[in-house]
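Student: Quick one: structure below, then a few questions.
The values are calculated or read from the model by the stated rules, or taken from the named source; none is laboratory data. Small disclaimer: the values here were computed from a predicted structure and weren't measured. Note: ideal-geometry Cβ built from the backbone for every residue, glycine included; neighbour counts use all protein chains shown. The area values use the complete protein model at the heavy-atom level, side chains included, leaving out ligands, DNA and RNA. Shrake-Rupley method; radii C 1.70, N 1.55, O 1.52, S 1.80 Å.
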Amino acid sequence: MREKRQPVGILGTGDFARALAKRLYFSGYEVIIGSRRPETKSLSIIDECLCNVSLVSTEECIKSVSIIFLAVHAENFKDLLEEHVDQLEGKTVVDVSNRDRPSELHSHAEYLQRIIPTATVVKAFNVISAYAMENDYNSSSRQVFIASNDENARHTVANIARNMNFTPVDFGGLFAARRIEKHPLRLFPEWRGPCGFSVAVFNVWLLFLIYIYYIEKTVYEWEQIFVKVLNKAICMTGITVLAVTYLASSFAAIFQMYYGTKHIRFSRWLDKWLKNRKQLGLVSFILIGVHVIMSVLIMSPTYLRSWYHSTSITIPGNLSESFEFQRITWMNWKGEAACLTGILSFILLCILCVSTLPSVTDSLNWREWRFVQSKLGHVALGLAIVHVLVMGVPGWVKSPTKIYKSITFLSSIVPWITIMLKLFFCLPCSDRYIMKIRKGWDRKEEKCKAKCIKPKKQGYVVMNIDDVSTTCPCPDIDGVQMDTIEEETSCACVDTEIA
């Protein structure tokens, strides 16, 4: 007996249409492809996997199925479907087209709905490439965004996506097709801010290093700028970006403590900062990883003289002249401590980076994920600060008046601020207060009530407090009771009888 398959139609014979046909057929559907000139095409010659797919005319394809995938360019919608509007009545048409550039006016799916008003248009499968459609082992996104004004049609297309081993995501009405069509046109929008910020910080540190090492005083040769000097700039940028990653949460806590509530939206810059913490952390990890590689390359007494013990050997000369040279042997405490703290910090950063992988994140509960991302992250930042201090403190002690020019001092300012704020918010009093606010408590409202609520036998004053002010705008009436209402919009005090 031949297997009974649910029929679906595809209008179009391009690369995506053929890939979609193969995927649908191997998922258990009977596929019928419609073409304006079926007699001039032979699918089995192009791909032998399509030998069981029927190739018919556009009209016959529309008549044979109730679900049709429209795999043609939007410019051809009207020419292809205008004469078949009556035949498409009550059918579900899935638009898989994409745009060359985003549009705020309308989507291809909305344009298609105007051409065939009696059909149900669904926007779906446009975020899946033809390569991902054909290759099940492809590692690209497997989500299928679905939008339609008909809920049943969305469910039907979602079931087809599941049968094809994709993950459907319901976006709601057809208006959401504008968002769906913008998705393939995006080019790392979440990374622009973090990468731009990191490049700016790197340029600032590099210009400062060039000034103190080449302009103010010649310390290094110009040929050393490619590794020796750039390594310092990369290290300083990495620790700065890492500190900024964790500084955002402290700013959010300060914001909530200042306003005494969690119901006031963060400023736009702070909201974007909080959302970009993952990207900032990954950028800092890449920079620190490059710093580790470059440091290994220059790990020698010639480049890192202060990390090694040195022995002076004097060879007596004839009469009054002598020859002296130094022999550098093993690492001193500074080199050992700097290597240890740097290695430990980098290991913790590797753990943090691995925990951001979706497969690892899905295996962690909320407490475990928060411990890794917050606690271990701050420990890694603390070890990075110790790594910088080990290298910088001996120089600060020798020249305390020039500490403001020390790269180790300047690069540790932002990390120190981040750690100190974290320690402050870890104090029991601060932690309890922040948690109280985040559980829904509002300081301003309670403060106002505490000042104004007093019992009164004959009546009470009804007042609406929309503005979060610290004092109640009540008249100088002694012994009034305050209450909050939603109907009134003014702050006037009204004397009312108690029911």
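Student: In the stretch 214-236, how many residues are of a type in the set (Ser, Thr, Tyr), part of a helix (DSSP H, G or I) and open to solvent by 30 Å² or more (accessible area, probe 1.4 Å)?
Tutor: The total comes to 0.
Student: Would a scan of the stretch 432-442 turn up a residue that is part of a loop (DSSP other than H, G, I, E, B), surrounded by fewer than 14 Cβ atoms within 10 Å (Cβ to Cβ) and in contact with a Lys or Arg (Cβ under 9 Å, 6 or more places away or on another chain)?
Tutor: Looking for residues that are part of a loop (DSSP other than H, G, I, E, B), surrounded by fewer than 14 Cβ atoms within 10 Å (Cβ to Cβ) and in contact with a Lys or Arg (Cβ under 9 Å, 6 or more places away or on another chain), one finds at least one in the stretch 432-442, hence yes.
Student: Tell me, please, whether a residue that is in a helix (DSSP H, G or I) and loosely packed, with under 13 Cβ neighbours inside 10 Å can be found in the stretch 253-260.
Tutor: Yes.
Student: Given the conditions (1) farther than 26 Å from TYR214 by Cβ; (2) at pLDDT 90 or above; (3) open to solvent by 30 Å² or more (accessible area, probe 1.4 Å), report the number of the one that ILE419 does not fulfil.
Tutor: For ILE419, the failing item is (3).
Student: Can you tell me which of (1) open to solvent by less than 30 Å² (accessible area, probe 1.4 Å); (2) in contact (Cβ under 8 Å) with a residue 60 or more places away in the chain; (3) within 19 Å of VAL31 (Cβ to Cβ) is the one VAL122 doesn't meet?
Tutor: The number of the failed condition is (2).
Student: In the stretch 351-385, what residues are in contact with a Gly (Cβ under 9 Å, 6 or more places away or on another chain) and β-branched (Val, Ile, Thr)?
Tutor: Within the stretch 351-385, just THR356 meets the criteria.
Student: Scan VAL393, VAL379, VAL360 and give me the residue that is open to solvent by less than 50 Å² (accessible area, probe 1.4 Å) and in a helix (DSSP H, G or I).
Tutor: VAL360
Student: Residue under question is LYS217, and the condition is that it be touching a residue at least 12 places away in the same chain (Cβ under 8 Å) and of a type in the set (Lys, Arg); does it hold?
Tutor: No.
Student: While we're on this one: So for the stretch 66-88 (the condition being of a type in the set (Gly, Ala, Ser), open to solvent by 20 Å² or more (accessible area, probe 1.4 Å), at pLDDT below 90 and not in a helix (DSSP H, G or I)), does at least one residue qualify?
Tutor: no
Student: Give all pairs with beta carbons closer than 8 Å in which a residue from the stretch 323-337 that is more than 16 Å from GLY392 (Cβ to Cβ) and open to solvent by 100 Å² or more (accessible area, probe 1.4 Å) meets a residue that is modelled with pLDDT of 85 or more and not in a helix (DSSP H, G or I); count only pairs at least 6 apart in sequence or on separate chains.
Tutor: Sorted first by the residue in the stretch 323-337, then by its partner, the list stays empty.
Student: Right, something else. In the stretch 155-185, which residues are in contact (Cβ under 8 Å) with a residue 60 or more places away in the chain, farther than 24 Å from ARG101 by Cβ, part of a helix (DSSP H, G or I) and open to solvent by 70 Å² or more (accessible area, probe 1.4 Å)? Write out each step before concluding.
Tutor: In the first step, residues of the stretch 155-185 are kept if they are in contact (Cβ under 8 Å) with a residue 60 or more places away in the chain; the result is 156-157, 160, 163-165, 174-175, 177-178, 180-182, 184-185.
Going one step further and asking which of them are farther than 24 Å from ARG101 by Cβ, we end up with 156-157, 160, 163-165.
Next cut, part of a helix (DSSP H, G or I) only: 156-157, 160, 163.
ASN163, the sole residue that qualifies.
Student: Of all residues in the stretch 261-289, which are outside any helix (DSSP H, G or I) and under 20 Å from ALA380 (Cβ atoms)?
Tutor: Just the residues of the stretch 261-289 that are outside any helix (DSSP H, G or I), to begin with: 261-267, 276.
Selection gives ASN276 alone.
Student: Only residues that are more than 26 Å from THR240 (Cα to Cα) and in contact with a His (Cβ under 9 Å, 6 or more places away or on another chain): list them for the stretch 328-383, please.
Tutor: Within the stretch 328-383, ILE328, THR329, TRP330, MET331, ASN332 qualify.
Student: Now a separate question. Looking only at the stretch 191-213, which residues are surrounded by fewer than 13 Cβ atoms within 10 Å (Cβ to Cβ) and closer than 30 Å to ILE146 by Cβ?
Tutor: ARG192
Student: Shifting gears a bit: Taking only the stretch 14-64 into account, find how many residues are modelled with pLDDT of 80 or more, of a type in the set (Gly, Ala, Ser), more than 24 Å from VAL85 (Cα to Cα) and assigned to a loop (DSSP other than H, G, I, E, B). Please lay out each step first, then the result.
Tutor: Filtering the stretch 14-64 down to residues modelled with pLDDT of 80 or more leaves 14-37, 53-64.
Now narrow it down to the ones that are of a type in the set (Gly, Ala, Ser): 14, 17, 19, 21, 27-28, 34-35, 54, 57, 64.
Restricting the remaining residues to those that are more than 24 Å from VAL85 (Cα to Cα) gives 19, 27-28.
Of the ones still in play, those that are also assigned to a loop (DSSP other than H, G, I, E, B) are 27-28.
The qualifying residues number 2.
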